């Protein structure tokens, strides 16, 4: 795996403490950071796919009708509260 470039970051106290802890355990901090960047990018992609799916379902009249029908069924299953 070729290392193409380096970046520099300013660490806050918590991040600096994490780096110190990782180094004290012999963990390659650069690899941890690369892994974290890739994981964050994947989470962001996954969230966007989920948003798109939600938008698609929200725009689907058949899906909206099914949701309303389920809500009605659930409402019918709720216990009746005595009004005082």
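Laboratory data are not the source of any read-out in this text; all were calculated from the coordinates shown. Since this is a predicted model, take the numbers as computed values, not measurements. Here the Cβ is made from the backbone with ideal geometry for all residues, glycine too, and neighbour counts use every protein chain on show.
For this structure, a couple of remarks:
- Applying the criterion of at least 3 residues that are within 24 Å of the chain's Cα centre (by Cα) to the helices (runs of 4 or more DSSP H) found wholly in the chain leaves 13-24, 29-58.
- The residues on offer are 22, 77, 68, 57, and the sole one that is in contact with a helix residue (DSSP H, G or I) (Cβ under 6 Å, 6 or more places away or on another chain) and farther than 24 Å from residue 3 by Cα is 57.
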